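Worksheet: the structure to be examined is printed underneath.
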Amino acid sequence: MLIRTLVVSFAAGALLNAASISGTVWDPSGAIVPNAKVTLTDQQGLKNTASTNGVGQFQFLTLVPGQYQMEVASAGFELLLRRNLRLEGSTDLRMELMFRLGRIAETIKVSAQGVARPNFSAQKLRLGGNVQPAKLVKMVRPAYPEDLKSKGVAGLVTLEAVLLKDGTLGNIRSIGAVDPGLAGAAVETVRQWRYQPALLNGEPVEIAATIQLEYELKQ
């Protein structure tokens with residue numbers, strides 16, 4: 001009887017010292033996000049998962065005090081990451097979390113006959129992911145500038161832009177070290193692209209885009 005009493009007292013004490021986390025997940029328009037996956041990882045790497053309910057809420061109960069990392073994922077949005085969540089005994093942490101839209105992604109390689117000068121910064125082309133995907137409906141293929149081709153100029157052009165609600169790309173700018181002639185050609189090309197815009201809850205939204213065009217010469 002004495003042993004049983006001690007066990008019950010210990011369990012009750014542990015429960016009283018437990019912490020909890022609860023919260024609501026929103027999208028950028030201020031609407032709740034149901035069925036988002038929430039993963040809580042403790043310092044030992046043990047994971048606890050939950051999903052948001054029909055009103056975008058989640059809850060973790062009876063957590064051991066300590067340090068945690070939280071990830072929140074839902075299709076079409078960037079992964080939400082919260083590091084170093086510190087829970088003290090009997091803490092009830094309430095969180096309001098907002099997703100950011102994902103980025104759209106395209107890959108383009110522009111090839112031509114020629115001999116390329118050595119280039120040690122060449123990488124790959126990418127236009128960044130989405131909620132209800134944007135769709136490229138008009139794409140002007142990049143042309144290799146003849147003067148640059150004859151000079152053996154090749155390499156990577158990285159552009160940053162915003163996919164606007166009307167399906168055009170705005171605020172296009174070249175970033176990083178690149179030949180200015182190739183950068184100018186790339187900007188003029190993507191300026192003519194047209195998209196069916198990304199949709200959030202049925203409404204067109206703006207999405208950030210990173211566009212990388214790799215110009216290569218083949219013998």
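The values are calculated or read from the model by the stated rules, or taken from the named source; none is laboratory data. On a predicted model such as this, the values are computed, not experimentally measured, just so you know. Positions of Cβ are generated from backbone atoms using ideal geometry, with glycine treated the same way; all protein chains shown enter the neighbour counts.
Kindly check whether there is at least one residue in the range 65-74 that is out of contact with any helix residue (DSSP H, G or I) (no Cβ under 9 Å at 6 or more places or on another chain), more than 30 Å from residue 189 (Cβ to Cβ) and modelled with pLDDT under 90. Spell out the reasoning first.
Let us first name the residues in the range 65-74 that are out of contact with any helix residue (DSSP H, G or I) (no Cβ under 9 Å at 6 or more places or on another chain), namely 65-74.
If we keep only those that are more than 30 Å from residue 189 (Cβ to Cβ) as well, we get 65-74.
Applying the additional criterion that residues be modelled with pLDDT under 90 yields 74.
Scanning the range 65-74 turns up at least one residue that is out of contact with any helix residue (DSSP H, G or I) (no Cβ under 9 Å at 6 or more places or on another chain), more than 30 Å from residue 189 (Cβ to Cβ) and modelled with pLDDT under 90.
Check off (1) within 19 Å of the chain's Cα centre (by Cα); (2) in a helix (DSSP H, G or I) for residue 158 and give me the number that stays unchecked.
Only one criterion is unmet by residue 158, namely (2).
From the list 207, 175, 211, exactly one residue is hydrophobic (A, V, I, L, M, F, W, C), in contact with a helix residue (DSSP H, G or I) (Cβ under 9 Å, 6 or more places away or on another chain) and in contact (Cβ under 8 Å) with a residue 12 or more places away in the chain. Which is it?
None of the other options fit; the residue is 211.
Being of a type outside the set (Gly, Ala, Ser) and at pLDDT 85 or above, is that true of even one residue in the range 113-127? Show your work before the answer.
Filtering the range 113-127 for residues of a type outside the set (Gly, Ala, Ser) gives 113, 115, 117-120, 123-127.
Now narrow it down to the ones that are at pLDDT 85 or above: none.
No, the range 113-127 has no match at all.
Take the range 193-209 and flag every residue that is part of a strand (DSSP E or B) and buried (at least 17 other Cβ atoms within 10 Å of the Cβ).
195, 200, 204, 207, 209
If we scan the range 129-137, do we find a residue that is farther than 30 Å from residue 57 by Cα, at pLDDT 85 or above, among the aliphatic types (A, V, I, L, M) and outside the structural domain of residue 40 (by TED's automatic domain parsing)? Lay out the reasoning, then the answer.
Quick first cut of the range 129-137, residues farther than 30 Å from residue 57 by Cα only: 135-137.
With the extra rule that they be at pLDDT 85 or above, the set shrinks to 137.
Okay, now just the ones that are also among the aliphatic types (A, V, I, L, M), so 137.
Those still in the list that are outside the structural domain of residue 40 (by TED's automatic domain parsing) too: 137.
Yes, the conditions are met somewhere in the range 129-137.
Condition test on residue 16, is it modelled with pLDDT of 90 or more and either crowded, with 16+ Cβ neighbours inside 10 Å or farther than 23 Å from residue 201 by Cβ (or both)? I'd like the intermediate steps shown before the answer.
Working: modelled with pLDDT of 90 or more: no; either crowded, with 16+ Cβ neighbours inside 10 Å or farther than 23 Å from residue 201 by Cβ (or both): yes.
No.
Restricting the search to the range 165-219, which residues are more than 24 Å from the chain's Cα centre (by Cα) and among the hydroxyl-bearing types (Ser, Thr, Tyr)?
Passing the criteria: 189, 215.
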